[in-house]
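To start, the structure itself, in C-alpha cells.
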Amino acid sequence: MARSTEAVGIVGLGYVGLTTAACFAARGVKTVGIDVDEEKIAGISRGKPPFVEEGLEEMLRKALKRGYLNVTSDYDALADARIYYITVGTPNTRKGSIDLSSVKSASRSIGKVLRSSEWYKLVVVKSTVTPGTTSQVVRPLLDSESHRRQDNFGLAANPEFLREGHAIEDTMHPDRLVIGASDLTSERTLVSFYRGFYRSLPKTIRTTPVNAELIKYASNSFLATKISFINEIANLCANIPGADVSVVAKGMGLDKRIAPSFLRAGLGYGGSCFPKDVQTLIKLAEQVHVNMSIATTAHKANRRQALVAIELTQKLIGDISGKKIAMLGLAFKPDSDDMREAVSLRLIRELMNKGAKVTAYDPAAVPNARRIFGDRIDYSKSVKECLNRADCCIVVTEWPEFSKLRPAHFKKLMRTPAVVDGRRVLDPQLFVKSGVRFAAVGYSGST
Ligand code: UGA
C-alpha cells in the first residue's frame, strides 16, 4: 500500500463521504471524517457503517485499527488536514430545487478552521451541487469565515460518480476524474494528491467549477433518460406480439455508440440521486428560461413506470382487493438497503390503496421498510415465507437470489401461482411453459 503524508478532512459521512474516507485511509492517507450526527459517529468509530455497502465494514475496521482514520464531530480535528472535502447531502426542497443548507454550514465550519491556518489548504466540493455553487456560495462563506485569507486556500469542484453497492470499486477504479478548480494552484494540488493516491492518474478532465458541477447533473440525467427510454421501448414491446425488450436491448447495446449499460428495462429508477438530480436540473433550467423537455419527460415516464407492475398484476389475477401480494425486493436496487425514492414505496402505497395485503421480503432493506410502513404491511424473513399462500408475486428489485427462482418454487408455495417480473430476472419461456401465470415488463407473451 502506498503511504501518503497528505492529511485529508472529509465533512459529511454519508455513503459518499464515508466510502471516500475509508478508501483514502486504506491507502495510507491520514484521514479525519467529520459528521454532526453523534450517533452516526459513535457507530462508525466502532467500525459499523450506518448503511449496507459491499466491503466497507471490513475496510473501515482496518482503517480505524491502523490509525489512518479518525471520525469525530469536532471540527478542531481538521486543523492538520491539507485538503478538505465537502461530502454533505444536497436534498431537494419540496418544490424540487436544491437545499444547500448542509453545504453552507460545512463551508462556514471549514472557513473557521482556515482562519487560524498557517499553511495553504484546498477545499474540494464533492457533494452534487448546482452550477455556480462552488464559486458563488461556498467561496464567499469560506472568505468571510476565514477573514478573507483567499491566498491561503484553494477551491475546486470534484463531483463523484459512485454507485451505491459498488462505491469502493468506483472510488478505487474510477472511469474518470472531473476536476473543476478555481485556479491553477488548486488544480495542481488536487491532481498531485490523486496522482499519489492512484499512482497512475485515471483519465482526468480539468475544467472550471461550473463545468464540473454540470458534468455531474448531465451525466445522471442522461443515464436516467436512457433508462426511461428503454422502459418506453419495453412498454411498446409488451403490446407487439412476439416482442421482448430484453432481446431488443441486447441488440441495441452491441452498438458501441449505444453501449449495453443502463438498458435494463424495469419498473423505473429510484435512489437518492437520479430522481433528485433530474428534478433539480429541470428546476434549474426553468430559472434560466430553458425548457428541458427530454429530462422532464424522462422524469414523468419514470413516475408512471412503477404502476406497470399493478397493471400486470391486475391482468393476471383481476381485482387485487383483499389479495395477498408477495413483494420480492424493497431496496431501490440490489446490494443496498437504501429505500430512498425506491419503486417499492410507490408500489406498496398503490397496492394498499387498492385494498391488497402486502407481504415483503428483501435481503437488506426490511429494517428501513419497517421504519416507513410499520405494521401496515407484513415482512418475511425469506422468499419462501413471503410466497406462502400469496395470490400474486411481484419481483421489484433484482437481487441475485430472485433470479435463481424456478416455476416450482412458486407453484409449491403460492395459493395461485402468478408472477409479475418487474425487473426481468426470470426466464419467461420457462415460466410460460410451466403453467405459472406470468407477466413481465417489456414481454408481450404474458398469459
Ligand atoms: C447513481 C449513478 O450511477 C452514479 O454514477 C452517481 O454517482 C450516483 O447516482 C450519485 O449521483 O451519487 P446509484 O444511485 O447508486 O448511482 O444507482 P445506479 O446503479 O445508477 O441505479 C439507479 C437506479 O436506476 C436504480 O433504481 C436501478 O435499479 C435503475 N436502473 C439502472 C435501471 O432501472 N436500469 C438500468 O439499466 C440501470
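The values are calculated or read from the model by the stated rules, or taken from the named source; none is laboratory data. Treat the numbers as computed from the prediction; the structure is a model and nothing was measured. Reconstructed Cβ throughout: ideal geometry from the backbone, glycine too, with neighbour counts over all protein chains shown. Ligands, DNA and RNA are excluded from the accessible area calculation, which covers all protein heavy atoms including side chains. Shrake-Rupley method; radii C 1.70, N 1.55, O 1.52, S 1.80 Å.
General observations
- Tally of residues being assigned to a helix (DSSP H, G or I) and either surrounded by fewer than 21 Cβ atoms within 10 Å (Cβ to Cβ) or over 26 Å from the mean Cα position of the chain (by Cα) (or both) across the range 231-258: 12
Conditions tested, residue by residue: (1) crowded, with 21+ Cβ neighbours inside 10 Å; (2) within 20 Å of N235 (Cβ to Cβ); (3) within 16 Å of the ligand (Cβ to nearest atom).
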| position | (1), (2), (3) |
| --- | --- |
| D378 | no, no, no |
| I394 | yes, yes, yes |
| L405 | no, no, no |
| P417 | yes, no, no |
| R424 | yes, yes, yes |
| D427 | no, no, no |
| G435 | no, no, no |
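- Hits in the range 45-60 - residues which are hydrophobic (A, V, I, L, M, F, W, C) and not in a helix (DSSP H, G or I): F51, V52
- Test: residue in the range 147-159 that is open to solvent by 10 Å² or more (accessible area, probe 1.4 Å) and at pLDDT 95 or above: yes
- Every pair of residues 6+ apart whose Cβ atoms lie under 8 Å, when the first sits in the range 388-399 and is farther than 11 Å from Y361 by Cβ and in contact (Cβ under 8 Å) with a residue 40 or more places away in the chain while the second is away from the ligand (no atom under 15 Å from the Cβ) and among the small types (G, A, S): D391/A418; C392/A326; C392/A418; I394/A326
- Residue-level check: of (1) part of a loop (DSSP other than H, G, I, E, B); (2) buried (at least 20 other Cβ atoms within 10 Å of the Cβ); (3) away from the ligand (no atom under 16 Å from the Cβ), M339 misses just (3).
- Exactly one residue among A331, A360 is under 24 Å from G165 (Cβ atoms) and more than 16 Å from the ligand (Cβ to nearest atom), and that residue is A360.
- Of all residues making up the range 249-287, the number that are within 15 Å of the ligand (Cβ to nearest atom), in contact with a strand residue (DSSP E or B) (Cβ under 9 Å, 6 or more places away or on another chain) and of a type in the set (K, R): 1
- Residues of the range 202-225 that are open to solvent by 40 Å² or more (accessible area, probe 1.4 Å), closer than 20 Å to Y84 by Cα and either in contact with a Phe, Trp or Tyr (Cβ under 6 Å, 6 or more places away or on another chain) or not hydroxyl-bearing (S, T, Y) (or both): R206, V210.
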